[in-house]
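What follows is one structure encoded as structure tokens, with my remarks underneath.
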Amino acid sequence: MVTDNPDNSEVQTPEEEIQKQQHELVALSRVSAALSGLWELDAILRVALDTMLDVMNGTIGGILLMDEETQSLAYRVHTGLSTRYVEEMQIGPGEGISGRVAESGKAILLEDISADPRVARPDLITTEGLKAFISVPLRAKDAVLGVINIASRTPRRFTTSDLYLLHSMGDQLGVAIEQSRLYERLRKARERYRQLAQQTLVAQEEERRRIARELHDETSQVLSGLALQLQALVDMAEMSGTQDAEFISGLKKVQSLAAQVHGDISKLIADLRPALLDTLGLIPAIRQYAETSLRPLDINVDVETIGVLGYLPPEVEAGLYRWTQGAIGNIAQHSRAKNASIVLEHRDDELLLTVSDDGQGFDVSEITDIEPNGRGRGVFSMKERVGLLGGTCSIDSSPGQGTNVRARVPLSWHDEDGKNKGTGSR
């Protein structure tokens, strides 16, 4: 093994050489295992650094990554270095040893870094007492994403074997860093999409509320008055002894039509924004919708709550209500069920909403996409709606065994946010 002896040129026996190669292969295997078994970049870098220090009998080292915005190198993980050194040793491409390695993509080996005129912060190097130093780039394709630094506080000569080992690890870590950044960009893009879609849904609910209010306050009231006036005219005509049966029949038809339109408008208002959702809360609104949708089809429905729901943000109430509407709609249209149940449970860190039926069920594995005839649209829209709340949607069903759909929504808001806001579960 390599030691801190500055004269590291002694010839190794074949057994020692084989042992050294085996140790290096084990080190590469450990890093590969970390890359395949870990998702957190810092954990991968930590395993890699510890492995490199172990195989090189070192105690000082670190991995610096290039910040994409500032284009400067800074330590991400380190061992054996002071806090001051780590915090102040932030350099750009071409500056100091690490900066030159990042700019050129070529490794640099030094027996005594404190005597090298190219260092960026000689004061920090002296204070830290660093001597032997090796810096290797972390590359992904043609880009250098960072550097690995291994150092010693005594002069020593790093070997070409050390260099090859660090290069091999550096190439693996470069790929890991690139993947981590791609995942982070994807995560941020998804979060932006989720926030935008959520804002869109909130805006839709606000617009639904506005339209429902205007229909109720204006159109519905006018139609109600019209129906009453027509009924009064019918009554007056009949009381006056009018013999024109055709005229009275016409009045009755117009009055009936006005009453029918008024009923349709009232149903439209309830579909746009149920009044109970704003006045009494989520559970009463769900119960009313379930009963009016399923009982006329001779489907018994039971609505239950477990735990105290407390405050729910308006977007969560609206999202869960619309999700439940979709589940109830599927029961009404496809299930052929006799019984259905809706359970909303408040757990420590999440809400669990379950809608079940004892109907004919279906093969969930067959729903892989939205078909041209629209089959599958309801399932995917339900999953999307819950996803916008940061939750998940699962479906358990099989032919002849009924269906269970579940929505899990994390409790990511604070109770104090709910003071004087919303109406929760009432």
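Here, each number is a calculation from the coordinates, and none is a lab measurement. Bear in mind the structure is a predicted one, so any value in this text is a computation, not a measurement. Here the Cβ is made from the backbone with ideal geometry for all residues, glycine too, and neighbour counts use every protein chain on show.
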Euclidean distance of C-alpha centroids, the range 391-405 and the range 263-315, integer Å: 22 Å
Residue-count net charge about residue 96 - beta-carbon cut-off 9 Å; Lys, Arg +1, Asp, Glu -1: +2
Proximal charge balance of residue 247 [Cβ under 15 Å; K/R count +1, D/E count -1]: -2
Efficiency of FRET from Cβ geometry, residue 365 and residue 194, R₀ 25 Å, rounded to 0.05: 0.40
Positive minus negative residues near residue 180 (Lys, Arg vs Asp, Glu; Cβ under 13 Å): 0
Length released on extending from residue 232 to residue 143, taking residue separation times 0.36 nm less the Cα-Cα span: 23.6 nm
